[in-house]
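For reference, the structure discussed in these notes is given below.
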Amino acid sequence: MDVLVGAAWQAKGLMDLGAAAVLAIGARRGVGEIPEGIETINLDRPRLPMMRAIRDADAALNDLPQDIRDRVDDFDPGHTARAVRTIFSSGAPVAGRPTYGARPAAWQALEDKTVIDALWDAVGVPRADSVVVPLDRDALDAASRQLDQGDGVVWAGDNHSGFHGGARFTRWIKTSHQADAAVQHLHGHCRTARVMPLLEGIPCSIHGAVFPDHVIALRPCEMLVFRRPDGRFLYAAAATVWDPPDEDRAQMRQMAKTVGTHLRDTVGYRGVFTIDGVLTADGFRPTELNPRFGAAIGVLTRGIPKLPLHLLNLAIVEGEDLDWQAKAIEQRILEHADTNRDIRVGAMIDVRVEGEIREKLMVEDDAVRPSLEGETPDASLVAGPNGGGTYVHINLKQPRTAWIGASAAPIAVRLLRYVEQAHGIPVGPLQAAPERRRMG
């Protein structure tokens with residue numbers, strides 16, 4: 001994996017399920033503790049910004065040096081092991097061992113934000129107007145003038161250089177200066193970009209999963225995506241305290257089922273997928289498809305006993321012939337996610353701060369502060385160096401009743417401001433998206 005800590009904890013999960021032995025390999029160590037008793041290899045790759053680090057890790061696993069391959073052979077002399085890679089990976093073999101649950105190229109191609117509008121049109125999903133143009137300033141400006149509805153436009157680059165996420169190649173454009181910076185940022189990585197109006201409303205996603213005989217749909221999940229003054233976005237994980245109107249929830253779940261059925265019928269899709277978008281005053285408008293296990297699904301399912309959904313997803317993708325009981329899984333997750341709410345704030349800050357921070361926090365109406373002895377903390381903070389930057393993770397596992405129903409974005413902003421003020425991690429100014437409810 002890209003981070004050894006994550007690989008080691010996944011290895012522990014496999015061991016807990018009965019695996020005889022697991023070897024964890026990571027490109028970099030990452031932040032957090034490594035569980036005891038797990039055999040690990042740290043490739044100690046160089047520090048890089050997030051997307052470059054992910055790609056570097058994937059490439060490193062595709063072509064391990066001989067001394068590492070020898071260690072893998074010592075661990076698995078009979079070549080019977082299978083590799084479990086990250087949700088973003090190419091799915092290539094690792095040291096000659098095939099990847100379990102690897103996604104075909106036709107599935108991976110659907111993650112490109114410049115091609116996915118054709119799928120929405122094919123299944124009749126309402127979407128915002130958009131146009132894909134070459135990465136040329138005159139073409140981008142002309143498309144922006146055509147589509148701007150008064151709040152600016154969003155440019156999203158293609159996948160010419162490979163997968164990208166976390167809004168790294170997505171920019172909000174309102175000024176000429178922002179447009180200049182966006183073109184410079186995208187140049188060399190992308191050849192084209194999709195232009196669409198900025199959509200006002202709650203950024204959110206709907207998850208589905210394609211089983212052999214059924215397509216399940218889960219509940220909407222708020223994405224914590226913030227706007228910066230320079231036009232960049234900060235993706236900061238997800239939360240499930242927010243409740244959309246029942247009508248929108250039903251429509252989003254039906255959209256997931258419709259899209260999942262289309263994916264199965266057209267490209268033989270299997271497993272989990274995510275539709276990201278914005279809940280506007282006119283309803284949910286999709287912006288991208290993630291044909292893989294989405295990060296937010298861990299927030300939806302955290303704490304469900306005996307349901308290792310990531311591993312189950314790999315088995316679905318692999319085509320294992322099992323009694324899946326898809327409808328029962330769907331109902332179990334829906335009941336759990338509606339009853340057990342969660343806020344998980346996770347952000348990569350491009351400035352690297354040395355040392356690891358661990359702290360328990362109280363979240364008050366007008367402030368965030370360290371918890372005192374005897375208090376039950378609202379949140380736990382872990383932050384530290386990761387690749388070329390600093391990773392900040394804040395976990396609110398049992399949000400207060402007063403927070404249920406509303407957007408978690410204002411709480412997340414307060415927490416990130418505390419991290420900046422108390423620990424000097426330069427998060428910068430953030431603007432949460434305004435909620436837009438249907439009229440009438």
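Points worth noting:
- Segment 65-148 - accessible surface per residue (Å², probe 1.4 Å): 50
- Prolate/oblate/rounded label for the chain (Cα gyration tensor, a/c 1.5): rounded
- Summed over the residues of segment 272-352 and divided among them, the accessible surface reaches 39 Å² per residue at a probe radius of 1.4 Å.
- Estimated vicinal HN-Hα couplings, Hz - segment 283-290 in sequence order (Karplus 6.51, -1.76, 1.60; Gly, Pro = x): x, 6, 10, x, 10, 7, 10, 10
- Note that segment 153-271 presents 34 Å² accessible area per residue, ligands and nucleic acids not counted, probe 1.4 Å.
- Sites Ser380 and Glu39, calculated FRET efficiency, Cβ-Cβ separation with R0 25 Å, nearest 0.05: 0.35
- Note: relative contact order over the chain, using C-alpha pairs below 8 Å and six or more positions apart, is 16 percent.
- Contour excess over end-to-end distance, with Cα ends at Thr258 and Arg437 and 0.36 nm allotted per residue: 62.0 nm
- Highest-first packing order for the peptide set 341-348, 427-434, 173-180 is 341-348, 427-434, 173-180, based on the mean count of other beta carbon atoms within 10 Å.
- Here is the list for segment 179-276: trypsin sites (Lys or Arg not before Pro) lying in DSSP coil, each with at most 16 other C-beta atoms within 10 angstrom of its C-beta, are Arg191.
- Long-range amide H partners of Ile25 with built H, under 5 Å: Ile41
- The apolar share of the surface of the chain, taken as the fraction of accessible area on carbon and sulfur atoms (1.4 Å probe, ligands and nucleic acids excluded), comes to 50 percent.
- Packing-based order for 7-16, 62-71, using average beta carbon neighbours within 10 Å, highest first: 7-16, 62-71
- Value at 222 nm in deg cm²/dmol, rounded to 500, when DSSP H runs of n ≥ 4 in the chain each add -39,500 (n - 2.57): -9500 deg cm²/dmol
- Segment 239-286 and segment 135-177 have Cα centres lying 24 Å from one another.
- The residues packed around Thr86, meaning those with a beta-carbon under 12 Å from its beta-carbon, carry a net charge of +2 if Lys and Arg are +1 and Asp and Glu are -1.
- Selection of GluC sites (Glu not before Pro), segment 349-419, meeting DSSP coil and at most 14 other Cβ within 10 Å: Glu354, Glu356, Glu364, Glu373, Glu375
- Per-residue ³J(HN,Hα) for segment 62-74, Karplus 6.51 cos²θ - 1.76 cosθ + 1.60, θ = phi - 60°, Hz, x for Gly and Pro: 6, 9, 5, x, 4, 5, 6, 4, 5, 5, 5, 5, 5
The values are calculated or read from the model by the stated rules, or taken from the named source; none is laboratory data. Remember, predicted model here, so these are calculated numbers, not experimental data. Here Cβ is always computed from backbone atoms with ideal geometry, including for glycine, and neighbour counts include all displayed protein chains. These area figures cover heavy atoms from the full protein model, side chains too; ligands, DNA and RNA do not enter into them. Shrake-Rupley method; radii C 1.70, N 1.55, O 1.52, S 1.80 Å.
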